[in-house]
Amino acid sequence: MLPELAWAQDGILPAVTVTTGPDGETQYSVTMQILLLMTALSFLPAMVIMLTSFTRIIVVLSILRQAIGLQQTPSNQVLIGLSMFMTFFIMSPVFTKIYDSAVQPYMNDGLTIEQAYEVGKEPLKAFMLAQTRITDLQTFIDIAGYDNIPSPEAAPMQVLIPAFITSELKTAFQIGFMLFVPFLVLDLVIASILMAMGMMMLSPMIVSLPFKIMLFVLVDGWTLVMGTLANSFGS
């Protein structure tokens with residue numbers, strides 16, 4: 001009449017079980033797999049920021065906004081939304097490979113959850129390795145104390161992730177520097193003209209702002225920036 005009490009007395013919870021197969025592989029019940037999946041989803045924002053192209057894009061767009069001289073336009077929400085959709089655009093081949101090789105076979109009971117993880121991380125790992133500098137990767141390998149890594153492809157994820165983030169920040173600052181220089185030159189020109197006219201009380205930033213916006217629009221700046229960011233990943 002009270003099966004829950006009977007299960008509790010036997011020390012068995014059928015909804016959450018872990019069994020070992022004949023080949024030594026560990027198999028989890030559906031409830032355990034759902035629990036692990038929901039736990040992994042809580043780390044999804046950090047994974048999107050740290051394991052994809054999101055970091056480079058949002059840093060470059062933030063530097064661009066600062067270079068133009070606009071403090072709140074576009075707003076943070078707009079920049080984050082644009083960065084997210086650009087991330088999906090750039091990462092779509094990687095996500096497609098992960099779905100075809102890991103997610104779909106797992107849903108069709110062709111792979112266990114451990115096998116799906118191992119297969120699914122390979123496309124993402126290949127993308128990260130392509131964007132990571134060897135010097136950054138070697139630095140974190142030395143810090144971790146690994147002496148038996150024969151090639152970059154054999155580097156574990158706990159070493160590859162910080163190396164990838166470091167390389168992404170370095171690349172983003174390089175692109176941001178190239179975007180900042182033309183606007184800085186325009187600021188210097190406007191400041192020199194105002195000084196020559198004796199208008200020292202007028203802020204050069206206020207005068208140069210409309211000219212920087214006009215210059216950015218005339219050269220089709222948004223298309224150039226988005227195209228440069230997409231091409232910088234070599235996809």
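The values are calculated or read from the model by the stated rules, or taken from the named source; none is laboratory data. Since we're looking at a predicted model, the values are computed, not measured. With ideal geometry, Cβ positions are generated from the backbone for all residues, glycine too; neighbour counts draw on all protein chains shown. Surface accessibility is based on the protein's heavy atoms, side chains included, excluding ligands, DNA and RNA. Shrake-Rupley method; radii C 1.70, N 1.55, O 1.52, S 1.80 Å.
Summary table
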{"item": "Residues of type lysines that Lys125 reaches as a straight line, Cα spacing below 23 Å, ignoring anything fewer than 8 places off in the same chain", "result": "Lys97, Lys170"}
{"item": "Share of Cα-Cα pairs in the stretch 63-122 lying beyond 13 Å, as whole percent", "result": "69 percent"}
{"item": "Proportion of all alpha-carbon pairs of the stretch 94-212 beyond 26 Å (%)", "result": "52 percent"}
{"item": "Expected-Rg normalisation [2.2 N^0.38 Å, Cα atoms] applied to the stretch 158-235", "result": "1.53"}
{"item": "The stretch 105-176: trypsin sites (Lys or Arg not before Pro) in DSSP loop, at most 15 other beta carbons within 10 Å", "result": "Arg133"}
{"item": "Sequence of Asp220, Asp136 from largest to smallest accessible area, 1.4 Å probe", "result": "Asp220, Asp136"}
{"item": "Ranking by accessible area, most exposed first, for Ile63, Ile68 with a 1.4 Å probe", "result": "Ile63, Ile68"}
{"item": "Heavy-atom accessible area order for Met84, Met201, Met178, Met47, largest first, 1.4 Å probe", "result": "Met201, Met178, Met47, Met84"}
{"item": "For the stretch 42-97, diffusion coefficient by Stokes-Einstein and Kirkwood Rh (Cα), 10 °C, 1.306 mPa s, µm²/s", "result": "132 µm²/s"}
{"item": "Whole-angstrom gap from the stretch 40-104 to the stretch 205-234, using each part's C-alpha centre", "result": "19 Å"}
{"item": "Distance histogram for the stretch 32-183 (every C-alpha pair counted, 5 angstrom bins, percent rounded to whole numbers)", "result": "2, 9, 14, 17, 17, 15, 12, 7, 4, 2, 1, 0"}
